[in-house]
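Undergrad: Mind having a look at this structure? Questions to follow.
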Amino acid sequence: VFIMVKKTLKPVDKIIMAAERVGQGDLTYRIQHERDDDFKKVAHAFNTMTERLVSMLENQRELLHLISHELRTPLARINLALEMKDRKKSQDIIKGEIREIDNLVEDVLDLSRMDQAQQYKSVEPVNLIYMIKSLIEDYGDKVRFVYDSVNARVNGNELLLKKAFSNLVENAVKYSAGEAPVEVSLVSENETCRLTVKNDGPG
């Protein structure tokens, strides 16, 4: 009679095996431990650490994809400007595109400084009217802001909201036909707020 007995690994062996698997690139590996003892907390902590590592790597991949996508447009314009006969116009275009690349690099540096474990989870009351006014003040007459409430507040991450709204307004101004100002409107709807950015550009 043959009896098959499943080998039970010691807790320290489970940690060593898990560390080796993750170290070799297997980020799907998790420590399996059913007993309700002190080692269960260790296993949970290790699995949580691995999940955060996966999330960080995914964020880095998305960021690299975004950077490569965003850099293609200004670089293409610089190449076209280099072929222009009008040197003054060519220089102006190149300077503008360099500023755009510089802004992109600054955005990347801002993101790299963020402590994701805290910043992305940080939620606080945000005054949208005050925030949007501060974002559009440098645009002058190019942007018009209208709102229906003097107390438009939401719970959110102010840093990420600023980045999102800033990108919307910047693109709207950049691709506007210039015949009318970009209109930013904020409407309160029950417990939510709806932001609309509208321009007279081609897209």
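Undergrad: Looking for whichever is within 24 Å of residue 69 (Cα to Cα) and either more than 18 Å from the chain's Cα centre (by Cα) or modelled with pLDDT of 85 or more (or both) here; the options are 154, 150, 169. Which one fits? Break it down into steps so the answer makes sense when it comes.
TA: Details: 154 fails: within 24 Å of residue 69 (Cα to Cα); 150 fails: within 24 Å of residue 69 (Cα to Cα).
Unique residue meeting the criteria: 169.
Undergrad: When you scan the stretch 160-179, how many residues do you find that are assigned to a loop (DSSP other than H, G, I, E, B) and in contact with a strand residue (DSSP E or B) (Cβ under 9 Å, 6 or more places away or on another chain)? First the steps, then the outcome.
TA: Narrowing the stretch 160-179 to residues assigned to a loop (DSSP other than H, G, I, E, B): 175-179.
If we keep only those that are in contact with a strand residue (DSSP E or B) (Cβ under 9 Å, 6 or more places away or on another chain) too, we end up with 176.
Final tally of qualifying residues: 1.
Undergrad: Sort through 90, 122 and tell me the only one that's at pLDDT 80 or above, surrounded by 10 or more Cβ atoms within 10 Å (Cβ to Cβ) and not aliphatic (A, V, I, L, M).
TA: Selected residue: 90, the only one of 90, 122 that is at pLDDT 80 or above, surrounded by 10 or more Cβ atoms within 10 Å (Cβ to Cβ) and not aliphatic (A, V, I, L, M).
Undergrad: Now, a different point. Give the stretch 176-190 a look and list any residue that's of a type outside the set (A, V, I, L, M) and either open to solvent by less than 50 Å² (accessible area, probe 1.4 Å) or over 25 Å from the mean Cα position of the chain (by Cα) (or both), or say none.
TA: So in the stretch 176-190, the residues of a type outside the set (A, V, I, L, M) come out as 176, 178-179, 181, 183, 185, 188-190.
Scanning the stretch 176-190 gives 176, 178, 179, 181, 185, 188, 189, 190.
Undergrad: What are the residues in the stretch 140-175 that are open to solvent by 60 Å² or more (accessible area, probe 1.4 Å) and aromatic (Phe, Trp, Tyr), if any?
TA: Looking only at the stretch 140-175, we keep the residues that are open to solvent by 60 Å² or more (accessible area, probe 1.4 Å), and these are 141-142, 144, 147-148, 150-151, 153, 155, 159, 162, 167-168, 170-171, 174-175.
Within the stretch 140-175, 147, 175 qualify.
Undergrad: Here's a follow-up. Out of 71, 64, 53, 27, which single residue is under 21 Å from the mean Cα position of the chain (by Cα) and open to solvent by less than 60 Å² (accessible area, probe 1.4 Å)?
TA: Answer to the check: 71.
Undergrad: Kindly indicate whether any position in the stretch 84-100 is hydroxyl-bearing (Ser, Thr, Tyr) and farther than 30 Å from residue 165 by Cβ. Steps first, answer last, please.
TA: Restricting attention to the stretch 84-100, the residues satisfying the condition of being hydroxyl-bearing (Ser, Thr, Tyr) are 90.
Retained after the next criterion (residues that are farther than 30 Å from residue 165 by Cβ): 90.
Within the stretch 84-100, one or more residues are hydroxyl-bearing (Ser, Thr, Tyr) and farther than 30 Å from residue 165 by Cβ.
The values are calculated or read from the model by the stated rules, or taken from the named source; none is laboratory data. None of the values given here were measured: they were computed from a predicted structure. All Cβ positions, glycine included, derive from the backbone under ideal geometry; neighbour counts span all protein chains shown. All accessible areas refer to the heavy atoms of the entire protein, side chains included, with ligands and DNA or RNA removed. Shrake-Rupley method; radii C 1.70, N 1.55, O 1.52, S 1.80 Å.
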